[in-house]
Amino acid sequence: MKLIRAKDYNDMSRKAANVVSATVILRPNCVLGLATGSTPVGMYKQLIAWYEKGDLDFKAVKSINLDEYVGLDAYNDQGYRYFMNENLFNHVNIDKSNTSVPNGMAADVEQECRRYDKHIADLGGVDLQVLGIGNNGHIGFNEPDEAFEQQTHLVDLAQKTIDANSRFFASIDDVPKQAITMGIKSIMQAKAIILLASGEGKADIMETALFGPITPKVPASILQLHPNLTVVADEAALQVVAQKHPELF
Ligand code: F6R
């Protein structure tokens, strides 16, 4: 694991954008695994700024998103397809037909999950997977469980996740209770992973996930086994790691 300590959210966003940029420059037709949520928004802004400057070209880039809420369509402003369009795709020259988000409106969710896994395989897998982390250790929407779910699957969101994500909705009752998420196997098969975290709210889970036992009760703990994991996190998110593992800093 490479640990990159950023000063604050802006610094984290810039450093993370540098890692993504390097991938796009070195492999213009790369497959990027993308995440939503608050954490990567600044990174996407930075990528847009570099695209506008002429430093980045997304023409041949393909992307595959981690997850989508069940019941929200592409036009719902709380949905993740909408989020990606607003925060990245509408502002760079990526071909939208090269971008994928699970279809939260699929009549047959199981079939949609199998289609998504086949699509990832057809793309040849993910070159760089961007991840955030839930405060319960989820990655994508792989929630704490008794076993690691490998494939893309339907998930019942944990109450902690519903509570955390209610900040984006008018009321907590509007937060969908289910989502489709890429499974742990697809995430772990990415050639490289970059895990982002910002803020003291993530400090405990970052230490538990990166240095605690590897267990499906903390889904992000599996990342300890990935051969090419880069963690980009700010000082606040790394404060417990810094207290317990001072030798790393
Ligand atoms: C989003 C996703 C989630 C988030 C996580 C952290 O696509 O897969 O795992 O990365 O919930 O969310 P934020 O960044 O809002 O703290």
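The values are calculated or read from the model by the stated rules, or taken from the named source; none is laboratory data. What you see is a predicted model; the values in this text were computed from it and never measured. All Cβ positions, even for glycine, are placed from backbone atoms using ideal geometry, and neighbour counts span all protein chains on display. Quick note on the areas: whole protein, heavy atoms, side chains included, nothing else; ligands and nucleic acids left out. Shrake-Rupley method; radii C 1.70, N 1.55, O 1.52, S 1.80 Å.
Inside region 195-212, residues that are in contact with a strand residue (DSSP E or B) (Cβ under 6 Å, 6 or more places away or on another chain) and in a loop (DSSP other than H, G, I, E, B) make up a count of 1. Remark: pairs (first residue in region 100-116, within 11 Å of Asp67 (Cα to Cα); second residue of a type outside the set (Gly, Ala, Ser) and at pLDDT below 95; Cβ separation under 6 Å; 6+ apart in sequence or on different chains) = Gly104/Leu72. Which one of these is more than 17 Å from Asp67 (Cα to Cα) and of a type outside the set (Asp, Glu): Ala158, Ala190, Ala170? After applying the criteria, what remains is Ala170. Of the residues that make up region 65-72, is at least one away from the ligand (no atom under 16 Å from the Cβ) and buried (at least 17 other Cβ atoms within 10 Å of the Cβ)? Among the residues of region 65-72, not one is away from the ligand (no atom under 16 Å from the Cβ) and buried (at least 17 other Cβ atoms within 10 Å of the Cβ), which makes the answer no.
If the condition is being surrounded by 14 or more Cβ atoms within 10 Å (Cβ to Cβ) and among the hydrophobic types (A, V, I, L, M, F, W, C), then region 237-249 contributes Ala237, Leu238, Val240, Val241, Ala242. Close contacts from region 143-163, counting a first residue that is under 13 Å from Ala220 (Cα atoms) and a second that is within 12 Å of the ligand (Cβ to nearest atom) and assigned to a strand (DSSP E or B), with Cβ to Cβ under 8 Å and a gap of 6+ residues or different chains, come to Glu143/Val155; Phe148/Asn142; Glu149/Asn142; Glu149/Val155. If you go through region 63-104 one residue at a time, how many are within 16 Å of the chain's Cα centre (by Cα), among the β-branched types (Val, Ile, Thr) and closer than 22 Å to Phe169 by Cα? The qualifying residues number 1.
Restricting attention to region 13-36, the residues that are touching a Lys or Arg at 6+ places or on another chain (Cβ under 9 Å), of a type in the set (A, V, I, L, M, F, W, C) and assigned to a helix (DSSP H, G or I) total 1.
The single residue among Ala203, Ala192, Ala158 that is modelled with pLDDT under 95 and either crowded, with 17+ Cβ neighbours inside 10 Å or not aromatic (Phe, Trp, Tyr) (or both) turns out to be Ala158.
The number of residues in region 213-236 that are open to solvent by less than 20 Å² (accessible area, probe 1.4 Å), of a type in the set (Gly, Ala, Ser) and either assigned to a loop (DSSP other than H, G, I, E, B) or in contact with a strand residue (DSSP E or B) (Cβ under 8 Å, 6 or more places away or on another chain) (or both) comes to 2. State all residues of region 90-126 that are among the hydrophobic types (A, V, I, L, M, F, W, C) and either touching a Phe, Trp or Tyr at 6+ places or on another chain (Cβ under 8 Å) or within 17 Å of Gly183 (Cβ to Cβ) (or both); if no residue qualifies, say none. Val92, Ile94, Val101, Ala106, Val109, Cys113, Ile120, Ala121, Leu123, Val126 - these are the residues of region 90-126 that are among the hydrophobic types (A, V, I, L, M, F, W, C) and either touching a Phe, Trp or Tyr at 6+ places or on another chain (Cβ under 8 Å) or within 17 Å of Gly183 (Cβ to Cβ) (or both). If you filter region 37-64 down to residues that are closer than 20 Å to Ala179 by Cβ and assigned to a loop (DSSP other than H, G, I, E, B), you find that the one that is farthest from the ligand (Cβ to nearest atom) is Pro40. Mind checking which residues of region 12-66 are farther than 25 Å from Pro102 by Cβ and in contact with a strand residue (DSSP E or B) (Cβ under 6 Å, 6 or more places away or on another chain)? If the condition is that a residue be farther than 25 Å from Pro102 by Cβ and in contact with a strand residue (DSSP E or B) (Cβ under 6 Å, 6 or more places away or on another chain), then Met12, Lys15 are the ones that fit. Every condition in (1) under 21 Å from Phe168 (Cβ atoms); (2) of a type outside the set (A, V, I, L, M, F, W, C); (3) loosely packed, with under 15 Cβ neighbours inside 10 Å holds for Asn29 except the one numbered (1).
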